[in-house]
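Input: a single structure, listed below in structure tokens.
Only the coordinates and a few stated rules stand behind these numbers; no lab work does. Note that the structure is a prediction, hence the values are computed from the model and not measured. Reconstructed Cβ throughout: ideal geometry from the backbone, glycine too, with neighbour counts over all protein chains shown.
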Amino acid sequence: MECGNYSRFSSRREFLSRATCGLGLAALHSLAAETPRSFPNFAPRAKRVIYLFQSGGPSHLDLFDHKPAIEDRFDQDIPASVFGGQRVTGMVAHQDRFPIVPSMYEFRRHGQSGRWLSSLIPRTAAIADEICLIRSMHTEAINHDPAITLLQTGSQLPGRPSLGSWIDYGLGGANSNLPAFVVLNSLPANGMPDQGLLSRLWSAGFLPSRHQGVQFRTGADPVPYLSNPPGMTREQRRDQLDGLAALNRRQHERAGDPEIETRIAQYEMAFRMQASVPELADTSNEPDHVHALYGEESRRAGTFAANCLLARRLAERDVRFIQLYHRGWDHHGGLTEKLPALARDTDRASAALVLDLKQRGMLEDTLVIWGGEFGRTPYGQGAVKPQSYGRDHHGRVFSLWMAGGGVKPGHEHGASDDFGFNVAENGVHVHDLQATILHLLGIDHERLTFKFQGRQFRLTDVHGRVVREILA
Amino acid sequence: MYSFLLALLAAAAFAADNTRVDYGRDVRPILSENCFHCHGQDAKKRMAGLRLDTYEGATAQREGRAALRPGRPKESGIVRRITEPKPALRMPPAHSNRTLTAEQIATLQRWIAEGGRYSKHWAFTPPTRPGIPTTATPGWTRTPVDSFVLARLNAEGLRPSPAAPAAAWLRRVSLDLTGLPPSPERLAGFAADLNTRGEAAYGAAVDKLLESTAYGERMAMDWLDVARYADTHGFNNDAARSMWRWRDWVIDSFNANMPYDRFLTEQLAGDLLPEPALEQRIATGYGRNHVINSEGGIIDEEYRVEYVADRVRTLGMSWLGLSLECSRCHDHKYDPITQKDHYRFYAFFNNVPEIGEDGRVANAVPMIPAPSNEHRRRMEELEASVARLDRAIEARAQRWSGDASRVPSAPKTADGPAVRIGCETDAGFEKAPGVDGHACVLAADAKPETAAVAVAKRGGLTLAAWVRPGPDDRDAALLSAMDFARNRAATTYGNGIEWRLTGGEMEFRFGQRFPAYSTRVRSEGAGLAAGEWHHAVLRYEGEAGANRGHASWVRMFVDGREVAARTLNDGFPLPDAKGDKPAQTKFRAGWDNGPGAPRFTGRLDEVEAWERALSPAEIRAMFESRAIPFARSSGEGRSWLRDAAMRASDPAYAEARGQRDKLHAELLALRRSIPTVMVMQEMSPPRETRVLNRGAYDAPGEKVEPGVPEELLGAWPEGAPRNRLGLAKWLVKPDHPLTARVVVNRFWQQLFGQGLVRTSENFGVQGESPSHPELLDWLAREFVDSGWDVKGLIKGIVLSATYRQDSSVTPALVARDPGNRLLARGPRFRLPAEIIRDQALAASGLLDAKVGGPSVFPYQPAGMYKGIVVAADYPGTSYVESTGGDLYRRGLYTFWKRTAPHPAMTVFDAPDREFCVVRRSSTNTPLQALTLMNDPVFVEASRKLAERAIREGGSTPESRLARAFLLAAGREPDAVESRVLREAFDKQHAAFLADAKRALALLSTGASPRDESIPAAELAAYAVVANMILNLDEVVTKG
């Protein structure tokens, strides 16, 4: 292939369009060692994923998992046979007993599917027939950091690539003007949550670092350093980058390194992002009825509602994996004050996102996931009253829902026991969930591997089973 | 299609030189990747009892057949099964997702036909010094390195590239050895030197770089990744830690060219060297740089085990080039490292007196004070002055013949203690002679307590007692209000406040989950000896509004004078100041409720608690008010009497005494201010180590002793202790097969962008074979034989013709050898994150070249921590920008927060440092472009580069732009480039002239003042072009 000199092109535009002729070689150079086997392995059901991660551990018992059998067992001890070898956290390790606390919230059946859901999440209840509820999730982890890390990277210990990075690595992006893996952090409406998030949750681990999630933030620069410095116009930037491309081109003639071609192209992408990202992040021109659907707080940047709306806009632009975080579900004490507020924060916008995607015909190929890193204990932490209690972390069973993207709508999978303590049937481990998400994207989780330190690593380690029962 | 083509090219490049199949190079990679998982050394996973990783296993008769029949491929089970037509019987099985290519099958067939010989993996055999190859075109070579490279190139039918221009070499070597570009003066000086001295100028230039302190900084950068250095603890809370004294030790060690075997030994076991110096103990911070979890509710042992495992992993990556963590849960699938081997390594690191849940607000135990050299100099001065005054005071006292009974009575304090146990009437004590009347002796089984004292964590408190320890009082409470509890994970911790006697010293403990989350301070030289009466005082002065406790709030006094104290733990968390009510606290006198707690057996008298911090003068008065009558009546404490009498009657003595106390107070204040560093320490007796089944902390199995896989990697050095020091000695044995190879390979990687073994983290059988095995071995031998001389090694490489080659490349060469494995051209790769920053700062003149010290906080987009970090007010949870010179320090000093590293670092592929990383990826992304375009530090550097170019670059735009170009790229632009720069300048100038406000806006970025003598529109235009120069591929690339 022949790549000409800049001077031979009559215009910048022609130069840039021709500049890509070196790119095939550049890609060959920098990707050859790390390109995975071709994906998808089979026809995908979902083209993109929106993961509404609820950090802190939402109480399955007060939201999704109706337990009539313990309604009148307040303050009784969890039977030893149920408790089993439960590992308890250091926070309740000194408690001499573990008294049952039934949920104080009313559960009712919803939709044609007759799903039992709590009165705390009326909007989610209204889309009961759209969602696929898994009530038998489980994890070994009992504390936030290892549990979140396991859910997002397949390992309790830091260092592995995140789910989004694996997907970016396997499938790449579908929009050359935007990153394939975008991260949105939400600030709760009612102040600061207490648990930290960790940038490693969207880190590429040992994958090439370009697969790391790109965090979109609120404010003038959704992406760090997106805006030109004060005083510099877009036209001036264009002129500057034209000069830069000319000089880089000259350098390429001299040095012949294909990486230079890539760099020229990346500056053009950066220039395009300077326009496309603010346009995408600006939701002010969404019609009023859309804001009404997501809730008025969707007008305030950085809220969960605003991020759900932004997630839809990213999905429309074919961003592959949109990872949204909402924090504050860690209700060791005062659950009955805090949980309703958290539920209010998320219920309307989560349901709105599903409805909005459906109205736009995007739900069928967009997978929406809602859930945390674990659930909460059926027993109370600290002093308990029927109307005032707290719950500790609980990984032995918890709930999570999905919608669209190839999962059965109005379906329920698995069950916990009468106490909401253990899996009663059809347990879904975190690795099974990951295998299923990859499957819906057309990826065989056993084939998405990367060789590091002499070993083929994969998201699901040596585990994971696709939960075929929930596939539509 | 491309990658297939590439594979063929690569195969052609690497297999052409030998006709015979080589087991290590050609066969083992195939078997290892496809067969060993089920037919390797892991007996638990072995299928059909067949083992293919040893000759014995492969040739064993199994039902009359053998997998390997040397010389007879058709009769060998291996060949039969890999060529089996029925998919269900074919190996490797379909479910493994592995298939053999036709070429691989042919290789295996040929190998068996040629005899099916096995050989030990190359990296497990000690390197021997290879002969230096002779080549047909020796004129090119300058060093033995070149002979090895040239021999390979000749074999491949390739020729080396011509030498890079001298200036390009100088820029390359400057960036490689110091991380900074050569200044125009240095470039000109080198050119002149080259004219006069020729070749000698190269060596002189390298020497100059090696002598600069920037060399140690550059070398430290890569090591900080390996040793996972960071400024926060990681995990959920990710609070700040203080390990910069260790980081500075690394910089200093490289600058002093510490022999590498010592560099290794001191980091691994500096504390175990005979009479270790402070710096040698600081060096062991290497073993403590791992992440530490302070999340409330974790199980201590689970995380303590992780820390030990991390040390093993890091050891493996740092010096063995092996992934030891694979054998944590089961025998290694590929390398001959068993699970037991893993836990024998683990046993070396399992004896640290540490806690799983720690480091919420400061360093985690064990830690030591680590004064800087400056600190130490001042401390030594003060210590010498105090000692001199002490001698003078003592000499004067010896000569004194006055009357010790004429002592003025001590002044009384205005208030009295809140609580006092006079020992005349208090219950729970038996009586014995005291300082003032009776003393208290704890009665058998009695549990006496004081009345309640109001203790405010941010308030003041003074605890005082006359103490006469019994002969068995090694460790006992004086006053304790710490409640101990034992949790289900069998961890005992304390909550509250306590004042103890321990080994003649006093100790203060205050915290929530002692020993975690606590402040713990111990006196040094208190001399509270058995059978002697002394007055001991603990003074605590909290600070209103502080968000955590500080050890510096605690001061200790014996016999009216302050004594030195050292911090064992620091920074216990304080609750929200709003609810800061003093707690009514009853102290247990002479006992505590800790597990197996010994009781105080000596005498106590005049036990007092004050709800405020008494002044040193008040403490002195309190002492003397009892000491003097007691000394008069008992005959004990003659020196107390004399001191008091002399102070009253001898002005010269009083002055010397006052001066001494003042300097001593200054010394102690200085000591309280010095940073700590986390270090390795040995417990005695050591913890028992057991194999952990599946690697789980709660599944201990067989007991193991510390040791190494001697059969595989060489014998334990004779007479070496079975501890980390012995381990270090083993690693630096001259015939160790791995250490020197792994280390020289990493230095090679730093210079060439990739190691001779590309997988620098893995020298095991799954790692890549070296591109130049003889060269690697030659370098390893040279390195060891030179006395592990790092500067010598590096100098030898950068002066080689190989390193000096031009880095430009033709399409044909890219196609032939895209990764430059054959070294037919010079190294060329994008600069590391830190150096991209350093170069821009240096070129613009903004760089603050201060070496070392606490990490700094350069510009960072506002709110980067928002929505990520924990809400609690722990140190390191808010980013407060530095001011002044600290805004312009080198990248390696940027505050490294593990859960939210600086975006300009991560975008250029810096790791988050949660784990050991020996090789960064190198990507090329639009976010990098945005950073260089818009990060305020690059915008500001562009402005300063423009100012500098205008100042230094003559009077025409061309000459000024050329100056800017030279400052950043290390060369003058050519005519075409010059034209592009000039056109760009003219366009920008016109734009800014049209709108002067925008010029001022652009120039306002950054804290440094602008040069107002330059018209704003002109300076702004130069700044935009300077920014363009800083964005050039050539500038961000080492070529």
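Brief remarks on what is shown
- Distance between the modelled labels on B:Ala136 and B:Ala648, one decimal in nanometres: 10.5 nm (7 Å Cα→Cβ projection).
- Each Cα pair under 8 Å and six or more residues apart adds its separation to the average, and for chain B the resulting relative contact order is 16 percent.
- Taking the Cα centre of chain B as reference, the dipole from Cβ charges on Lys and Arg (+1) and Asp and Glu (-1) amounts to some 1840 debye.
- Residues B:Arg391 and B:Thr502, FRET efficiency given R0 of 41 Å [Cβ-Cβ distance, rounded to 0.05]: 0.85
- Contact order for the stretch B:934-1038, expressed relative to its length and based on alpha carbon pairs under 8 Å spaced 6+ residues apart, stands at 39 percent.
- Rounded to the nearest 20, the Cβ-based charge dipole of the stretch B:21-119 about its Cα centre (Lys and Arg +1, Asp and Glu -1) stands at 300 debye.
- Bins of 10 Å, starting at 0 and running to the largest distance - Cα pair percent for chain A: 4, 19, 28, 24, 14, 7, 3, 1, 0
- Residue ranges B:217-224, B:329-336, A:346-353 sort as A:346-353, B:217-224, B:329-336 when ordered by packing (mean number of other C-beta atoms within 10 Å per residue, highest first).
- Cα gyration tensor category, rounded, prolate or oblate, for the stretch A:129-178 with a/c compared to 1.5: oblate
- B:His375-B:His95 FRET efficiency (beta carbon distance; Förster radius 41 Å; 0.05 resolution): 0.05
- Dipole axis of chain A (+1 Lys, Arg; -1 Asp, Glu on Cβ), positive-most option in A:Ile260, A:Pro386, A:Thr149: A:Ile260
- Sequence-distant aspartates and glutamates (8 or more away, or on other chains) whose Cα lies within less than 16 Å of B:Lys340: B:Asp42, B:Glu325, B:Asp331, B:Glu688, B:Glu702, B:Glu705, B:Glu710, B:Glu711
- Peptide B:869-876 has a mean shielding of 3, counted as Cβ atoms of other protein chains within 10 Å of each residue's Cβ.
- Principal-axis analysis of the Cα atoms of chain B puts helix B:102-113 at an angle of about 90° to the longest axis.
- Highest average packing first - B:23-32, B:784-793, B:93-102, A:147-156, Cβ atoms within 10 Å: A:147-156, B:23-32, B:784-793, B:93-102
- Virtual spin-label span in nm between B:Gln584 and B:Arg20, 7 Å along Cα→Cβ: 9.2
- Euclidean distance between Cα centres, the stretch A:238-313 to the stretch A:372-404, Å: 40
- Rounded tilt (10° steps) of B:1016-1030 against the dominant C-alpha axis of chain B: 70
- Sites A:Ala275 and B:Ser183 - FRET efficiency at Förster radius 30 Å, r taken between beta-carbons, to 0.05: 0.15
- Residues A:Tyr105, B:Tyr55, ranked from the fewest to the most other C-beta atoms within 10 Å, line up as B:Tyr55, A:Tyr105.
- Anisotropy class of the stretch B:21-119 from Cα gyration tensor, a/c 1.5 cut: rounded
- Listed pairs A:Lys47/A:Lys408; B:Lys987/B:Lys1038; B:Lys208/B:Lys791; B:Lys120/B:Lys703; B:Lys457/B:Lys581 exceeding 19 Å between Cα atoms: B:Lys987/B:Lys1038; B:Lys120/B:Lys703
- Within 10 Å of the Cβ of each residue in B:933-946, the mean number of Cβ atoms contributed by other protein chains is 3.
- Spin-label zone in the stretch A:411-428 - amide nitrogen under 16 Å from a point set 7 Å from the Cα of A:Asp461 along the C-beta vector: A:428
- Peptide A:441-447 has a mean shielding of 1, counted as Cβ atoms of other protein chains within 10 Å of each residue's Cβ.
- Anisotropy class of the stretch A:345-472 from Cα gyration tensor, a/c 1.5 cut: oblate
- Positive-end residue of B:Asn1031, B:Pro1009, B:Ala994, charge dipole of the stretch B:934-1038 with Cβ unit charges: B:Pro1009
- Near-label residues of the stretch B:105-128 by backbone N, under 19 Å of a point 7 Å along Cα→Cβ of B:Tyr55: B:108-126
- The C-alpha atoms of chain B define a longest principal axis, and helix B:373-399 lies at about 30 degrees to it.
- Reciprocal of mean inverse Cα separation for the stretch B:934-1038 (Kirkwood radius, Å): 13.4
- Unpaired by the 4.7 Å Cβ criterion, cysteines found in chain B: B:Cys35, B:Cys38, B:Cys326, B:Cys329, B:Cys916
- Chain lengthening between B:Arg694 and B:Ala446 when straightened (0.36 nm per residue, less Cα-Cα): 84.4 nm
- Solvent-free Debye calculation, one equal scatterer per alpha-carbon of the protein assembly as shown: log10 I(q)/I(0) at 0.03, 0.09 Å⁻¹ equals -0.16, -1.40.
- Considering only B:Val558, B:Ile112, B:Ala546, and ranking their Cα positions along the charge dipole of chain B that arises from unit charges at the beta-carbon of Lys, Arg, Asp and Glu, the one farthest toward the positive end is B:Ile112.
- Projected area averaged over orientations for chain B, convex hull of C-alpha atoms, nm²: 52.8
- Rounded to the nearest 20 debye, dipole of the stretch B:934-1038 from Cβ charges on Lys, Arg, Asp, Glu: 160
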